[in-house]
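Read through the structure below, which is laid out as structure tokens, and then see the notes.
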Amino acid sequence: MIGIFALLAAATLPISQAQTRLLSDYNNRLNSYFDMKQQGITGNCIVQPRCSNEVSLIVKSLFTASILKPYRFVICSGGHTPYAGASNIENGVTIDLQYISAVNYDAKNSSVKVRPGATWDDSSVGVGGLTLGGGISYFSPEQGLISDNVLEFEVTSHPDLFMVLKRGNNNFGIVTSFQFRMFSYDGMWGGLVIYPETAIHAQFKALINFANNIEKNLKGAAIVMPVYQSAVGADLILNAYDYPEPVWRPAAYNEFVAIPGNISDTTGLRNVFPRTGAQGVMTKAHKIYLDVLAKLKAKVTGDWEIYVLYQPQPPSYWQKSLEGGGNVLGLERFNGQVLCLYQPYISWQGAEQDKLFQKAGADLIKPICDYAESIGADNPYLCLDYADNTQDPLKGYGEENVKKMKAAAKKYDPFGVFQNLVPGDFKISKVD
Ligand SMILES: Cc1cc2nc3c(=O)[nH]c(=O)nc-3n(C[C@H](O)[C@H](O)[C@H](O)COP(=O)(O)OP(=O)(O)OC[C@H]3O[C@@H](n4cnc5c(N)ncnc54)[C@H](O)[C@@H]3O)c2cc1C
């Protein structure tokens, strides 16, 4: 079936022309999902509202219809979640917000109102999902997480919800507008530098020193990413640097820059650039990665790729949050520790290889969690924007915050519409 609003718009065309156009609109939208597994889901209907009132009408209609038989639905902004069922649904309705995408600058209040279907920069990542999951940006070291830059959510302006929506994902309603605070920006330095895999230990050492000194220099961010792409056929390390000020090679990156033997270097001054614990834990994680990689190379067919991302998250990422009214992450619990985000990402072809790759994903995560725990270097916080659907990032917000979120869900959604009818992603009612 086709989105009902698109269907109304096409009602003036001859039937065969309308059907052809609608089918191609429907297929184009499916193909625009970032992940192939989401692309493969052909639900009952994609609904494409054009304004907040239509969103509200759709939710009310689905809720009313559900009195007889539950109508499950999902919300899609950019459709960038990399697993099936988060923003597309089998036997259900997808509320697709891509046409609610206006961006309006408010000079008087030095803020900008952005609708959820807008996408970040020239990527296809949606403003809706990324902001509600927390959101890490080039500016996070200095300006905090993206959700902590929201002044108001249009779903309700109730203060209880304001707090829980900052990382509350789709648990409390459909957000139809975000009002963000503004800050000045004059350009940046950054880019990608590629090394052979043999440089990994020097990279980890540089990354740890970079993270430990970041409080002295609040602007910079760095990611170290071991990567293998079957099409390239080489074990590589991809480093991404971004420093949101037009300063050539800031001193904070000196240790990285001194590592010899890079294969390519795209760093430079630019407007923006496309981003494609302890050293013992990283070293162990890398060993596990090499083992998993060797097993995959021996068995896999077709094109595939694997990235493992190491990205330090110093306290400055969340200190801003308290100034802006707080959020539900509870990262203050960790007494100013520098955390390091670890995220494997694998893509492959052919459903017959799903089990093999899913096991590889689990093998990359479970042993490293066990190892970190055994040496007291683990942390319960999981970044929701990057989490897999086999994980439970909401639990990692800590007991107090889980209680707050459960109470808000009960109070503002007494019939449990967003807990029971919206299955995609992480549900606060399911957290023990
Ligand atoms: C290649 C790649 C690069 C990435 N880069 C970054 C990065 O730099 N920083 C970062 O923090 N994350 C990054 N991510 C993770 C990304 O933030 C999440 O995948 C995010 O959820 C995508 O948002 P979306 O709107 O495109 O997703 P969607 O799949 O449309 O939605 C994601 C979730 O949010 C919910 N949702 C979406 N819109 C709304 C709304 N308006 N109201 C209520 N619920 C809503 C959906 O129900 C769904 O559960 C990246 C992911 C990929 C695959």
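Each value in this text was obtained by applying a stated rule to the coordinates, not by laboratory testing. Note that the coordinates shown come from a computational prediction; the quantities given were computed from them, not determined experimentally. Glycine also receives a Cβ, built like all others from the backbone with ideal geometry; neighbour counts cover every protein chain displayed.
If you go through the stretch 392-412 and keep only what is buried (at least 19 other Cβ atoms within 10 Å of the Cβ) and of a type in the set (D, E, K, R), you end up with just K404.
Results for (1) within 16 Å of the ligand (Cβ to nearest atom); (2) farther than 23 Å from Y381 by Cβ; (3) not small (G, A, S), shown as yes or no for each residue.
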{"site": "G168", "(1), (2), (3)": "yes, no, no"}
{"site": "I194", "(1), (2), (3)": "no, yes, yes"}
{"site": "N212", "(1), (2), (3)": "no, no, yes"}
{"site": "V227", "(1), (2), (3)": "yes, yes, yes"}
{"site": "V232", "(1), (2), (3)": "no, yes, yes"}
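Sort out which residues of the stretch 366-422 are over 20 Å from G326 (Cα atoms), small (G, A, S) and assigned to a helix (DSSP H, G or I), and write them in order of number. Matches in the stretch 366-422: A372, S374. Out of curiosity, is N389 within 22 Å of the chain's Cα centre (by Cα), under 27 Å from A222 (Cα atoms), surrounded by fewer than 17 Cβ atoms within 10 Å (Cβ to Cβ) and within 16 Å of the ligand (Cβ to nearest atom)? So N389 fits the description; yes.
Residue check: F34 meets all listed conditions (1) farther than 16 Å from N170 by Cβ; (2) out of contact with any Ser or Thr (no Cβ under 7 Å at 6 or more places or on another chain) but one, namely (2).
If only one of G78, G92, G40 is surrounded by 14 or more Cβ atoms within 10 Å (Cβ to Cβ) and over 19 Å from E154 (Cα atoms), which one is it?
Working: G78 fails: over 19 Å from E154 (Cα atoms); G40 fails: surrounded by 14 or more Cβ atoms within 10 Å (Cβ to Cβ).
Criteria check complete, one pass: G92.
Please find, within the stretch 102-129, the residue that is farthest from the ligand (Cβ to nearest atom) out of those that are of a type in the set (A, V, I, L, M) and surrounded by fewer than 24 Cβ atoms within 10 Å (Cβ to Cβ). If you could, list the steps in order and put the result at the bottom.
Step one: of the stretch 102-129, the residues of a type in the set (A, V, I, L, M) are 102-103, 107, 112, 114, 118, 125, 127.
Okay, now just the ones that are also surrounded by fewer than 24 Cβ atoms within 10 Å (Cβ to Cβ), so 102-103, 107, 112, 114, 118, 125.
Details: A102: 14, V103: 15, A107: 25, V112: 16, V114: 11, A118: 10, V125: 5 Å.
The extreme case among them is A107.
Within the stretch 56-109, can you find the residues that are assigned to a loop (DSSP other than H, G, I, E, B) and hydrophobic (A, V, I, L, M, F, W, C)?
Looking only at the stretch 56-109, we keep the residues that are assigned to a loop (DSSP other than H, G, I, E, B), and these are 66-72, 77-92, 97-102, 107-109.
I67, L68, A84, A86, I89, L97, I100, A102, A107 - these are the residues of the stretch 56-109 that are assigned to a loop (DSSP other than H, G, I, E, B) and hydrophobic (A, V, I, L, M, F, W, C).
For the stretch 252-260, the condition of being farther than 30 Å from Q349 by Cα, touching a helix residue (DSSP H, G or I) at 6+ places or on another chain (Cβ under 7 Å) and surrounded by fewer than 20 Cβ atoms within 10 Å (Cβ to Cβ) holds for at least one residue. Restricted to the stretch 255-365, the set of strands (runs of 3 or more DSSP E) holding at least 2 residues that are touching a Leu at 6+ places or on another chain (Cβ under 7 Å) comprises 305-313, 339-347.
A single entry from V150, V175, V164 fulfils the requirement of being crowded, with 23+ Cβ neighbours inside 10 Å, more than 18 Å from G117 (Cα to Cα) and within 13 Å of the ligand (Cβ to nearest atom): V164. If the condition is being touching a Ser or Thr at 6+ places or on another chain (Cβ under 9 Å) and surrounded by 18 or more Cβ atoms within 10 Å (Cβ to Cβ), then the stretch 419-432 contributes Q419, L421, G424, D425.
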